[in-house]
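I have placed the structure first, in the form of structure tokens, so that the comments after it can refer back to it.
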Amino acid sequence: MSISERLPISMRTEALESILVERSLVDPKVMDAYIKMYESDVGPLNGAKVVAKAWVDPEFRERLLADGTAAVGELGFKGPQTEHLEVLENTGEVHNVVVCTLCSCYPWAVLGLPPSWYKDPAYRSRIVREPRAVLHEFGLDLGADVEIRVADSVSECRYMILPERPAGTDDLSEEELAALVTRDAMVGIAKVAGPQ
Amino acid sequence: MDGIHDMGGMQDWGSVTAPAPDERPFEEDWEKRAFALALLSMRVSGTNLDAFRHSMNRLQPMDYLADGYYGRWLRGAENLLTDSGIIADGAVDARTRRQLGEDVVEPPEPEPHRPDYKPTAGGSLRPLAAEPRFSPGDAVRAKDIHPSGHTRLPQYVRGRTGTVRRVQPAAVFPDTHAHFEGENIQHVYSVEFRSRDLWGSDAENFVLNIDLYDSYLEPVA
């Protein structure tokens, strides 16, 4: 069947929902609750709080790098797709970047649902083969002496990056620091920029 | 299976998508409904997350790609529900066509036949008393195998030699769990490969870390 003959996916979705709901196999209110959770409650702001805390609290940082799951659990962040979390630290010498080549495994509890670029075949196929070229396309050029480490998260282990704290942020509060942290930096395709 | 989903190292997909700083989790309303339906379909069909992943991997490649990420979630959910006899083959097509105003007859509701399956605990991680077969620093080779069912061993590491970096928590084995053939709990290892051992001497120089189940690995003498 050619693509032009396909039924619109929005209609297929509506059709499946109507079949399951009319047989009481699915409750639309439960669907709404799932959607609300990942639209409003769980997102990259969670991870940003983790990063900011690690920047201001050296003991938390140590716990975070030793046992990510337990450390983010201290802040109440746990849940599906984050059964086991390892936090990798980016420095001036080592740059980590995360992918799932087989689907789009991603640490939902700290970063929410994955963004478009992470799910895109171009990213999934290329970041494990030519990470420097891919990072360049994202606008991140790393020095030739920086070791690049790509984590392909195809098991139930999830990865989050602890980015480098930008210069010129000594006077910022933990909350102000969290506002600087981006989703892209916590996956490893960007650095955190200092205050504008 | 060696399917369209196993994208690591494929070429010709073009440039990466530019990130949008304020991107929301869903672009369109139907994606929200597909997301929630897919999550619930695992429970309704009496299956599990590994079976769900496999339900997407075995989509015909055109179907896998046609409607993007949540499109494949929806089609994967349809696979789980038809496999377990919750909805009939063609039921979603027929309902869609009716909603589009076509005069088609919907297939009768089938007799459910959910798999004989019950998880021993929530999630995928499980305690395992047995000592891990490998330790950090050990040289290991990813087996050069081509299972026709579900697997989380990507093609691009098969047959290649790397070094164990870390022993990760033990987990149910996706290759059997996806087919309801047992949890087969085993150790998981983070294994590092040098990029030039994967892609040849002209490749960019970097380290690839990938988490592999014990069954995927063999010792290197």
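The values are calculated or read from the model by the stated rules, or taken from the named source; none is laboratory data. Everything numeric in this text was worked out from a predicted model, so none of it was measured. Every residue, glycine among them, receives a Cβ derived from its backbone with ideal geometry; neighbour counts consider all protein chains shown. The area values use the complete protein model at the heavy-atom level, side chains included, leaving out ligands, DNA and RNA. Shrake-Rupley method; radii C 1.70, N 1.55, O 1.52, S 1.80 Å.
Here are the numbers for this structure:
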read-out: Failed criterion for A:Gly76 (all others in (1) more than 30 Å from A:Glu147 (Cβ to Cβ); (2) within 11 Å of chain B (Cβ to nearest Cβ) hold); value: (2)
read-out: Sole exception among (1) open to solvent by 50 Å² or more (accessible area, probe 1.4 Å); (2) modelled with pLDDT of 95 or more; (3) in a helix (DSSP H, G or I) for A:Ser24, by number; value: (3)
read-out: Hey, B:Pro115 more than 29 Å from B:Gly200 (Cα to Cα), in a strand (DSSP E or B) and open to solvent by less than 60 Å² (accessible area, probe 1.4 Å) or not; value: no
read-out: Criterion violated by A:Ile161 - all others in (1) within 11 Å of the chain's Cα centre (by Cα); (2) among the β-branched types (Val, Ile, Thr); (3) facing chain B (nearest Cβ under 8 Å) satisfied; value: (3)
read-out: Residues (more than 20 Å from the chain's Cα centre (by Cα) and either crowded, with 22+ Cβ neighbours inside 10 Å or not assigned by TED's automatic domain parsing to the domain that holds A:Gly79 (or both)) located in the stretch A:30-64; value: A:Val30, A:Met31, A:Asp32, A:Ala33
read-out: The stretch B:7-27 residues that are touching a residue at least 60 places away in the same chain (Cβ under 8 Å), paired with ones that are of a type outside the set (A, V, I, L, M, F, W, C) and open to solvent by less than 40 Å² (accessible area, probe 1.4 Å) (beta carbon under 6 Å, 6 or more apart); value: B:Gly8/A:Thr101; B:Gly8/B:Pro154; B:Gly8/B:Tyr156; B:Gly9/B:Tyr156
read-out: Neighbours by Cβ (under 8 Å, 6+ apart or cross-chain): first from the stretch A:7-26, polar (S, T, N, Q); second buried (at least 16 other Cβ atoms within 10 Å of the Cβ); value: A:Ser10/B:Trp30; A:Thr13/B:Trp30; A:Thr13/B:Arg33; A:Thr13/B:Ala34; A:Thr13/B:Leu37; A:Thr13/B:Leu74; A:Ser18/B:Arg95
read-out: Test: residue in the stretch B:212-221 that is out of contact with any Asp or Glu (no Cβ under 8 Å at 6 or more places or on another chain) and in a helix (DSSP H, G or I); value: yes
read-out: Filtered residues of the stretch A:102-115 (kept if within 7 Å of chain B (Cβ to nearest Cβ), out of contact with any Phe, Trp or Tyr (no Cβ under 8 Å at 6 or more places or on another chain) and closer than 20 Å to A:Leu45 by Cα); value: A:Pro115
read-out: Inter-residue pairs, beta-carbon under 8 Å, first farther than 19 Å from A:Glu156 by Cβ and in the stretch B:112-132, second open to solvent by 60 Å² or more (accessible area, probe 1.4 Å) and in a loop (DSSP other than H, G, I, E, B), 6+ apart; value: B:Pro115/B:Phe180; B:Asp116/B:Phe180
read-out: A:Arg12 open to solvent by 60 Å² or more (accessible area, probe 1.4 Å) and either of a type in the set (S, T, N, Q) or facing chain B (nearest Cβ under 8 Å) (or both); value: no
read-out: Scope the stretch B:130-148; condition assigned to a loop (DSSP other than H, G, I, E, B), out of contact with any helix residue (DSSP H, G or I) (no Cβ under 7 Å at 6 or more places or on another chain) and crowded, with 16+ Cβ neighbours inside 10 Å; matching residues; value: B:Pro132, B:Phe134, B:Asp138
read-out: Matching residues in the stretch B:1-41 - criterion: being at the interface with chain A (Cβ under 7 Å from one of its Cβ atoms), charged (D, E, K, R) and not in a loop (DSSP other than H, G, I, E, B); value: B:Lys32, B:Arg33
read-out: Unmet criterion (only one of (1) more than 7 Å from chain A (Cβ to nearest Cβ); (2) at pLDDT 95 or above) for B:Gly101; value: (2)
